[in-house]
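Before any comments, here is the structure.
The values are calculated or read from the model by the stated rules, or taken from the named source; none is laboratory data. Values in this document were obtained by computation on a predicted structure and should not be read as measured data. Using ideal geometry, Cβ is built from the backbone for each residue, glycine included, and neighbour counts are taken over all protein chains shown. What goes into the accessible areas is simple: the full protein's heavy atoms, side chains included, and nothing from ligands, DNA or RNA. Shrake-Rupley method; radii C 1.70, N 1.55, O 1.52, S 1.80 Å.
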Amino acid sequence: MDKTQHCRTNLFRWLPGELENRMAEATTADAHEVYIWSADDLLEDLKKVGDAGKEGVKTLLEYNEKIKNSIDADVVALTQLMQANVKIARQIKLLGITGRAYIKEVGKKKYIIFKGDAKLRPELKGTRYLAENAKVRCFVVGTKDILEDAAKGTKVAIIAFVAIDIIKEVTSDHPSFVSLGVNVGSDVLQAVTAAYIGAAAGVFLTTVVGAPVVVTFIAVVGVGFAVGMILTSLDNRYHLTERCRARMMGWEQEMEKELAEAKAKIVTAGKQTYQAGKSYVKAEVIKIDKYYQNAANMIGGSYAQSSWAFMP
């Protein structure tokens, strides 16, 4: 399969073991096509593309930053918003704005039950559909579905942010794991916060207000996107991520300096200990040599002095 022709979403494998597999499965759910590269493959590809390719990657990253600074939303948030809008349009077409539904579980099967006049939903002739039915998979009904949809969207966003931040750091002039960690942490925190505040709004409308299904989903999407924009705006205005990164990198430099000083002290102490031990051994050998020399003189014999006595 040609990567460039068959991938709608390109994500990179950076998570180890079972966690990596779970994240990959989360992104492949809901009909996504995903190709996954290892870290070594990415680095090899970056080497092959040369300076022109690297400049192209930098240009794309700079474009993403410009969008983020201009409208307080990055490409990941905008992409998810467009996907949600497609789902909203599908929901309105099938059920209308005021249509209502609820979830009913029978054994291990989950059904979506639609209420109201069937004439208002001409494409949904029945009143009960399996939740896995392709025709009704676009609906997010009830508290559990809202939270699960938020979790799925958050997982996809996290993987996308990790991929973007890694490429950004790898192609920077001075790559740093500390800088990468701060960027990933900031993006993930904003994504999680926005997603779950949006989900909380949806749960409130569902359980307290009893709002229609489509209205609730629109609120989830709208509130989540608005919160994301607010968080991005605050970050841009007060430079929270930049200040955090500067502080963390300062601590990293201080730690490296302290480790270098500690290493130098250990090496110096080791050399001093070695010299002291060497001098002590030499002095003791000389004493022993003198003792045996004196003994040999007393009995009229001869004694060959130990070569240790001439240690440098």
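General observations
- Residue pairs exceeding 32 angstrom between C-alpha atoms, taken from K168/K265; K109/K155; K68/K155: K168/K265.
- Taking the centroid of alpha carbons for each part, segment 160-184 and segment 207-259 are 17 Å apart.
- Counted residue by residue at 0.36 nm each, then reduced by the alpha carbon distance between them, the extension gain from R128 to H174 reaches 10.8 nm.
- Per-residue HN-Hα couplings for segment 144-152 [Karplus 6.51, -1.76, 1.60; θ = phi - 60°; Hz; x = Gly/Pro]: 4, 5, 4, 5, 5, 5, 5, 5, 5
- Largest first, the residues Y196, Y129 sort by 1.4 Å accessible area into Y196, Y129.
- Per DSSP, loop trypsin sites (Lys or Arg not before Pro) in segment 76-109 with at most 14 further Cβ within 10 Å: K108
- Using a probe of 1.4 Å on the protein chains alone, the accessible area found for D149 is around 40 Å².
- Cα gyration tensor category, rounded, prolate or oblate, for segment 155-206 with a/c compared to 1.5: prolate
- Spacing of the two label points (7 Å from each Cα toward its C-beta) at I286 and N69, in nm: 7.2
- The order of C244, C138 by accessible area, most exposed first and with a 1.4 Å probe, is C244, C138.
- Taking every protein chain into account, the accessible area of segment 167-312 amounts to 66 square angstrom per residue (probe 1.4 Å).
- Extension reserve of the K104-K263 stretch, reckoned as 0.36 nm per residue once the Cα distance is removed: 50.7 nm
- Carbon + sulfur, % of accessible area of segment 158-312 - ligands and nucleic acids excluded, 1.4 Å: 67
- Computed E for K115/V208 - FRET, C-beta separation, R0 25 angstrom, nearest 0.05: 0.85
- Extension gain for the segment N236 to K278, taken as residue separation times 0.36 nm less the Cα-Cα distance, is 8.9 nm to one decimal.
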